[in-house]
Amino acid sequence: MYHRRFLSPALAALLGLSALAVQAHEGHDDAPAAVQTSAAPRFAAVSEQFELVGVIEGHRLSLYLDHAADNSPVPDATLELELGGKGKPLAVTRVGEGLYQAELSQPLADGETPVTATVVAGADSDLLAADIDWHAPATAVPPSAWAGKSRLALAGGAVLLALAALWAWSRRTQRTGGAA
């Protein structure tokens, strides 16, 4: 009857320990939120007449030009854009109402890059200025907390399976009178 005295407390202890291996899935744990480091660099330049937002993805710069008063797209404007104070404007192409694109010859350098935009829309014109603050994402990936917890869960499951087999064996030997 040694098995009976040992089996119940062992199963209770293992069930209690198995709760340690359980972890909430993403978004439902108490860990601090991960910092997003891969967002596309962007800038916003605002004047009394216009709002210009630029989003850089690789070598493509998407520009959104709106009227500051009502946030409506500016139709048929001419944009001249300069990055980094190099004196050479980027070629900007209109691709839709209030939507423009330009191609960068090279990716942005880390740090702040000044942006200057000249907007001409009919009789209205303005000079807008902003900075793009861009830092390349970190390349180091933190080790997964799941690796250790999944090994613990597997080990706990294996022990539970072994104890269940031991329990079944002891029940069988009790029924057959000790002959297995």
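Among (1) without any contact (Cβ under 8 Å) to a residue 60 or more places away in the chain; (2) closer than 15 Å to Leu61 by Cβ, which single condition is Val115 missing?
Evaluating Val115 over (1) without any contact (Cβ under 8 Å) to a residue 60 or more places away in the chain; (2) closer than 15 Å to Leu61 by Cβ leaves (1) as the failure.
Tally up the residues in the stretch 67-87 that are at pLDDT 90 or above, closer than 20 Å to Arg42 by Cβ and not in a strand (DSSP E or B), please.
At the first step, the residues of the stretch 67-87 found to be at pLDDT 90 or above are 67-74, 77-82.
The next check asks that each one be closer than 20 Å to Arg42 by Cβ; those that pass are 67-68, 71, 73-74, 77, 79-82.
Remaining after also requiring not in a strand (DSSP E or B): 68, 71, 74, 77.
Matching residues across the stretch 67-87 total 4.
Can you find, within the stretch 49-66, the residue that is most open to solvent (accessible area, probe 1.4 Å) among those that are modelled with pLDDT of 95 or more and charged (D, E, K, R)?
Step by step, filter the stretch 49-66, then rank; the result is Glu51.
So that you can scan it fast, the table gives a plain yes or no per residue for (1) among the polar types (S, T, N, Q); (2) farther than 13 Å from Glu51 by Cβ; (3) open to solvent by less than 90 Å² (accessible area, probe 1.4 Å); (4) touching a strand residue (DSSP E or B) at 6+ places or on another chain (Cβ under 6 Å):
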| position | (1), (2), (3), (4) |
| --- | --- |
| Ala68 | no, no, yes, yes |
| Glu80 | no, yes, no, yes |
| Thr93 | yes, yes, yes, yes |
| Glu97 | no, yes, no, yes |
| Ala102 | no, yes, yes, yes |
| Val115 | no, yes, yes, yes |
| Ala123 | no, yes, no, no |
| Asp133 | no, yes, no, yes |
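For a quick check of your reading of the model, give me the residue pairs whose first member lies in the stretch 54-74 and is on the phi > 0 side of the Ramachandran plot, whose second is open to solvent by 50 Å² or more (accessible area, probe 1.4 Å) and of a type in the set (D, E, K, R), with beta-carbon atoms closer than 8 Å and at least 6 apart or on different chains.
Asn71/Glu51
Please verify whether the stretch 88-108 includes one or more residues that are in a strand (DSSP E or B), modelled with pLDDT under 90, farther than 30 Å from Leu160 by Cα and among the charged types (D, E, K, R).
The answer is no, given that none of the residues of the stretch 88-108 is in a strand (DSSP E or B), modelled with pLDDT under 90, farther than 30 Å from Leu160 by Cα and among the charged types (D, E, K, R).
Give me the residue from the stretch 23-48 that is open to solvent by 30 Å² or more (accessible area, probe 1.4 Å) and assigned to a strand (DSSP E or B) and, out of that set, modelled with the lowest pLDDT.
This residue is Arg42.
The values are calculated or read from the model by the stated rules, or taken from the named source; none is laboratory data. What you see is a predicted model, and the numbers here were worked out from it, not measured in a lab. Don't worry about glycine lacking a Cβ; one is built from the backbone with ideal geometry, like all the others, and counts go over all protein chains shown. Just the protein is used for accessible areas: all its heavy atoms, side chains included, with ligands, DNA and RNA removed. Shrake-Rupley method; radii C 1.70, N 1.55, O 1.52, S 1.80 Å.
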